[in-house]
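Comments concern the structure below.
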Amino acid sequence: MGIEPLISPRAASSRRVPSLGGYGKYYAGIVILIGCSSGIVFGGIHCLGWNYLFQTYTQHMLWRAASLGIAGAPILLFLDLEYGIWLGRNVREYRYFIITFATISSLIYITARVTLILLMLLSFRSLPLGVYDTVVWTQFIPHF
């Protein structure tokens with residue numbers, strides 16, 4: 001169970017674009033970089049709610065921790081996978097470390113995502129009164 005891509009002879013002669021496993025070391029690093037960068041940006045967007053008012057202090061701290069988890073886990077995953085690519089053939093000596101570290105990073109990310117989803121659903125408990133106002137759309141649409 002290594003990090004090296006396995007290219008079948010049929011896929012090598014095909015004229016289609018290869019999937020993630022078909023790229024070489026250079027392209028695999030770029031694909032990992034793009035994937036982890038998008039995860040970091042996603043976590044950064046959730047960090048914008050850092051000073052948002054929550055119903056309880058516990059929810060506020062959970063939002064902060066989950067936002068940092070979503071922003072930080074892809075960094076750890078990227079460093080771990082790039083270390084495995086950098087090792088090359090020597091990856092067999094450190095494969096359990098790499099797999100364990102990647103699993104922990106992924107579990108942190110998944111747990112943080114589930115936490116944010118639950119906090120968003122819990123925020124529906126106390127909506128502001130303005131939510132129930134009826135909007136008169138004819139005031140906003142110019143008409144003659």
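List of remarks:
- Low-density loop cleavage sites - chymotrypsin sites (Phe, Trp or Tyr not before Pro) in the stretch 52-111, where at most 15 other Cβ are within 10 Å (DSSP): Tyr52
- With the simple spin-label model, which puts each label point 7 Å out from Cα in the Cβ direction, the Leu79 to Arg125 separation comes to 3.6 nm.
- Each peptide among 29-41, 65-77 gets the average number of other Cβ atoms lying within 10 Å of its residues, and from highest to lowest they stand as 65-77, 29-41.
- Residues in the stretch 56-62 carry Karplus couplings, in order, of 10, 5, 5, 5, 4, 5, 5 Hz; the curve used is 6.51 cos²θ - 1.76 cosθ + 1.60 with θ = phi - 60°, and Gly or Pro positions show x.
- FRET efficiency for Gln139 and Thr111, using Cβ-Cβ distance with R0 set to 41 Å, rounded to 0.05: 0.35
No lab work stands behind these numbers, since they all come straight from the coordinates. Computed from a predicted model, the values in this text were never measured in an experiment. Cβ: placed from backbone, ideal geometry, glycine included. Neighbour counts: every protein chain shown.
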